[in-house]
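The values are calculated or read from the model by the stated rules, or taken from the named source; none is laboratory data. Computed from a prediction, not measured in an experiment: that's the story for all the values here. Glycine gets a Cβ as well: all are built from the backbone with ideal geometry, and neighbour counts include every protein chain shown.
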């Protein structure tokens with residue numbers, strides 16, 4: 001199954017009741033798939049007039065207490081950033097999929113990872129974070145969409161699947177769980193009080209500075225729990241590795257091939273792959289690189305993850321970078337060459 | 001003694017932050033009277049805009065959502081699609097609905113989104129201190145049109161009811177005013193019709209209500225009502241621009 005379609009089917013399996021989208025390459029298959037499937041499940045598919053409207057429809061549906069999702073690609077995600085900030089400020093759960101393409105500006109339509117900073121540091125104004133999952137296979141996209149819905153509800157915050165055009169367009173075998181309908185109990189939802197409870201208000205406006213500060217403090221306390229419970233990373237042949245490649249998403253697969261070949265050549269290489277980009281799996285990275293001599297970060301960007309890796313290893317090990325950008329995908333040979341350079345330098 | 005006049009139950013009994021002479025209070029009340037009469041407070045979700053009525057969630061006793069600037073119709077769409085059996089209304093000013101939120105307004109209307117939009121048009125940005133609105137009348141002085149709105153550089157006002165009445169998804173587009181008792185009554189009837197349309201799944205209903213802003217117009221409340229009659233109503237003629245129930249009746 002194609003990655004984009006798997007993302008869409010996974011959302012249906014996760015109990016997504018409302019999907020609001022807008023066409024943009026390379027994620028449009030998600031909207032097309034939802035248009036076909038959602039009405040048959042008695043659920044809502046709506047093509048909005050813009051990405052801005054789509055994210056605000058998500059805000060409305062999430063306020064109403066149902067599982068809601070939107071998807072887009074890089075330039076469209078920028079348009080959604082206002083709404084994402086309001087969603088976070090109103091403590092609403094939802095899932096946002098970004099099938100990244102090259103940027104900045106209109107950029108290109110080839111795969112990219114250059115929205116890392118946007119997703120993990122600043123997808124909108126104000127003090128907030130979103131859960132960010134970075135799948136590296138079609139199966140993982142399915143599993144992560146389900147996890148994203150569950151954790152968004154659990155922590156009352158938006159969750160993002162940060163994929164890329166490569167994963168979105170890739171076809172792989174995949175298995176799905178049964179359709180879930182376990183809608184979480186949401187006593188805060190604005191779904192009509194039925195004269196049975198006081199009225200609920202979904203809001204992000206707090207004109208008293210101390211009140212807004214208190215709410216931000218509370219939200220960040222919740223983030224501390226998320227940081228305890230959610231970080232995930234895969235480590236591969238890191239125990240005895242001299243050189244550890246750090247990569248996520250589709251690039252991690254390319255890096256894994258390079259690590260294999262390096263091992264065949266007698267270079268002790270390993271791989272660490274962040275699965276959650278926020279919360280960043282710093283502890284796992286720190287532990288798995290304890291005995292390494294150097295780290296090679298490789299990305300389809302100008303090195304947006306490098307600082308997080310440096311912080312994770314507390315700058316105790318040299319951190320190098322090799323990246324391609326603008327839609328160019330690095331080859332295993334290119335990554336291997338970089339490993340060899342570092343291997344030779346030891 | 002017989003009680004002949006009461007605060008509507010769905011209007012929360014609290015002091016409002018609106019300026020003296022502002023007509024938001026009248027309009028809030030009219031909406032709540034309709035909600036009470038229909039007995040739908042428990043099944044209604046309201047969506048506030050950004051602007052003077054941003055804190056309307058403190059006044060309406062039904063469930064309320066505060067939307068980003070201009071996006072109330074998109075938020076309302078999300079709620080209504082998720083909960084089609086509930087009543088959903090937006091409450092928006094002219095800057096919110098006719099400038100930054102034009103796309104959301106036009107597209108929720110053309111989709112025939114089954115919601116009620118209450119559009120409060122006072123020809124100025126109130127909350128930010130009186131700047132030119134999309135509905136500011138030619139020649140009107142505001143903070144950002146200090147020499148009066150010059151149509152050569154600032155263009156012309158947007159006439160929302162006229163515009164939206166051309167769209168097939170619209171069930172009701174009516175412009176009213178709250179400058180006099182007959183007009184207030186007419187406004188309430190329009191709001192009632194809009195909610196009835198939602199009840200009967202007729203589609204998008206908008207009631208545009210010409211309103212005052214004494215503070216930023218630099219007029220007394222009484223003078224403001226006079227301006228509403230002598231300047232606003234002539235430029236934005238009151239009336240029913242579209243009502244599909246009328247055409248249905250004729251058939």
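Among the residues of the stretch A:33-53, write down those that are assigned to a helix (DSSP H, G or I) and at the interface with chain B (Cβ under 8 Å from one of its Cβ atoms).
A:52, A:53
The residues of the stretch A:68-114 that are part of a loop (DSSP other than H, G, I, E, B) and closer than 28 Å to residue A:212 by Cβ, listed by number, are A:90, A:91, A:92, A:93.
Would you check if residue B:129 is assigned to a loop (DSSP other than H, G, I, E, B) and more than 14 Å from the chain's Cα centre (by Cα)? Let's see the steps before the verdict.
Values: assigned to a loop (DSSP other than H, G, I, E, B): yes; more than 14 Å from the chain's Cα centre (by Cα): yes.
Yes.
It is to be established whether one or more residues within the stretch A:55-73 are without any contact (Cβ under 8 Å) to a residue 60 or more places away in the chain, crowded, with 24+ Cβ neighbours inside 10 Å, farther than 22 Å from residue A:155 by Cα and under 18 Å from the mean Cα position of the chain (by Cα). Within the stretch A:55-73, one or more residues are without any contact (Cβ under 8 Å) to a residue 60 or more places away in the chain, crowded, with 24+ Cβ neighbours inside 10 Å, farther than 22 Å from residue A:155 by Cα and under 18 Å from the mean Cα position of the chain (by Cα).
Among the listed residues B:203, B:218, which satisfies the condition of being surrounded by fewer than 17 Cβ atoms within 10 Å (Cβ to Cβ) and either under 17 Å from residue B:140 (Cβ atoms) or in contact (Cβ under 8 Å) with a residue 12 or more places away in the chain (or both)? Talk me through it step by step, then tell me what you get.
Numbers: B:203 fails: surrounded by fewer than 17 Cβ atoms within 10 Å (Cβ to Cβ).
Residue meeting the stated conditions: B:218.
The single condition among (1) more than 23 Å from residue B:199 (Cα to Cα); (2) surrounded by 17 or more Cβ atoms within 10 Å (Cβ to Cβ); (3) touching a helix residue (DSSP H, G or I) at 6+ places or on another chain (Cβ under 8 Å) that residue B:115 does not meet is (1).
Take the conditions (1) under 21 Å from residue A:206 (Cβ atoms); (2) out of contact with any helix residue (DSSP H, G or I) (no Cβ under 7 Å at 6 or more places or on another chain); (3) facing chain B (nearest Cβ under 8 Å); residue A:60 misses just one of them, which is (2). Of B:87, B:91, which residue is more than 7 Å from chain A (Cβ to nearest Cβ), closer than 21 Å to residue B:128 by Cα and touching a helix residue (DSSP H, G or I) at 6+ places or on another chain (Cβ under 9 Å)? The match here is B:91. All conditions in (1) away from chain A (no Cβ under 12 Å); (2) closer than 16 Å to residue B:205 by Cβ; (3) in contact with a strand residue (DSSP E or B) (Cβ under 8 Å, 6 or more places away or on another chain) hold for residue B:52, with the sole exception of (2). Selection of the stretch B:56-73 for residues being at the interface with chain A (Cβ under 7 Å from one of its Cβ atoms) and either in a helix (DSSP H, G or I) or modelled with pLDDT under 95 (or both) yields only B:57.
The residues of the stretch A:110-130 that are touching a residue at least 60 places away in the same chain (Cβ under 8 Å) and under 12 Å from the mean Cα position of the chain (by Cα), listed by number, are A:113, A:116, A:117, A:119, A:120, A:129, A:130. Test residue A:202 against the stated conditions and say whether it is in contact with a helix residue (DSSP H, G or I) (Cβ under 9 Å, 6 or more places away or on another chain), in contact (Cβ under 8 Å) with a residue 24 or more places away in the chain, farther than 30 Å from residue A:292 by Cβ and within 14 Å of chain B (Cβ to nearest Cβ). Yes, satisfied.
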